[in-house]
Amino acid sequence: MGGIDILLLIAYSISFICALLLMAALFLYFRKRFRARVVSLFMLAAFFFLGAYTVKMAVAFWIRFSSVSGDSAVYAALKSQGWAIAQTGTTLGLLILTVLMYTRRQDLFMIFPAVREKEEES
């Protein structure tokens, strides 16, 4: 394992751990916001982006630190497809965030109607 491999392992690890920590923090944010029935679309787009980025980092680990031999054509295809899906999700998340930012729509919120309980309906 060379110096580049070690550097990449450290960078991928830090990126993956930070993305997981951010996803956990956003999950807690969304849990509170869904209870209040109001969610920021910008934060929802950020959550989507981070989810795709986390998958992308997991696939990057898989690609970088696994060996593919001639017998593993299926694994090579899965890695390629996994990377393509993760990259597409990341790009879509960045596109949504960029559109929201440059149209000055960072403050858009989605409001969910109150859920009526059976007692209120009777």
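The values are calculated or read from the model by the stated rules, or taken from the named source; none is laboratory data. It should be emphasised that the depicted structure is a prediction, and the values quoted were computed from it without experimental measurement. For neighbour counting, all protein chains shown are included, and Cβ atoms are generated from backbone atoms with ideal geometry for every residue, glycine included. Calculation scope for accessible area: heavy atoms of the full protein, side chains included, ligands and nucleic acids excluded. Shrake-Rupley method; radii C 1.70, N 1.55, O 1.52, S 1.80 Å.
Is it the case that Leu28 is open to solvent by 70 Å² or more (accessible area, probe 1.4 Å), free of Cβ contacts under 8 Å to residues at least 24 places away in the same chain, farther than 30 Å from Ala114 by Cβ and assigned to a helix (DSSP H, G or I)?
Values: open to solvent by 70 Å² or more (accessible area, probe 1.4 Å): yes; free of Cβ contacts under 8 Å to residues at least 24 places away in the same chain: yes; farther than 30 Å from Ala114 by Cβ: no; assigned to a helix (DSSP H, G or I): yes.
So Leu28 fails the test.
Which pairs have Cβ atoms under 8 Å, sit 6 or more apart or on different chains, and link a residue in region 2-18 that is in contact (Cβ under 8 Å) with a residue 24 or more places away in the chain to one that is surrounded by 11 or more Cβ atoms within 10 Å (Cβ to Cβ) and among the small types (Gly, Ala, Ser)?
Within 8 Å, the pairs are Tyr12/Ala60; Phe16/Ala58.
To keep it simple, each residue is scored yes or no on (1) part of a helix (DSSP H, G or I); (2) at pLDDT 80 or above; (3) touching a strand residue (DSSP E or B) at 6+ places or on another chain (Cβ under 7 Å); (4) on the phi > 0 side of the Ramachandran plot.
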{"residue": "Ala24", "(1), (2), (3), (4)": "yes, yes, no, no"}
{"residue": "Arg33", "(1), (2), (3), (4)": "yes, yes, yes, no"}
{"residue": "Phe49", "(1), (2), (3), (4)": "yes, yes, no, no"}
{"residue": "Val55", "(1), (2), (3), (4)": "yes, yes, no, no"}
{"residue": "Ile63", "(1), (2), (3), (4)": "yes, no, no, no"}
{"residue": "Asp71", "(1), (2), (3), (4)": "no, no, no, no"}
{"residue": "Trp83", "(1), (2), (3), (4)": "yes, yes, no, no"}
{"residue": "Gln87", "(1), (2), (3), (4)": "yes, yes, no, no"}
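Return the residues of region 89-111 that are assigned to a loop (DSSP other than H, G, I, E, B) and either open to solvent by 70 Å² or more (accessible area, probe 1.4 Å) or not hydrophobic (A, V, I, L, M, F, W, C) (or both); say none if nothing qualifies. Steps first, please.
Within region 89-111, the subset assigned to a loop (DSSP other than H, G, I, E, B) is 103-108.
Those that are assigned to a loop (DSSP other than H, G, I, E, B) and either open to solvent by 70 Å² or more (accessible area, probe 1.4 Å) or not hydrophobic (A, V, I, L, M, F, W, C) (or both): Thr103, Arg104, Arg105, Gln106, Asp107.
A quick yes/no check of all residues on (1) open to solvent by 80 Å² or more (accessible area, probe 1.4 Å); (2) in contact with a Cys (Cβ under 6 Å, 6 or more places away or on another chain); (3) without any contact (Cβ under 8 Å) to a residue 40 or more places away in the chain:
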residue	(1), (2), (3)
Leu22	yes, no, yes
Arg33	no, no, yes
Ala36	no, no, yes
Phe48	yes, no, no
Ala52	no, no, no
Met57	no, no, no
Val74	yes, no, yes
Ala84	no, no, yes
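Go through (1) under 18 Å from the mean Cα position of the chain (by Cα); (2) at pLDDT below 85 one by one and return the number of the condition Ser67 breaks.
(1)
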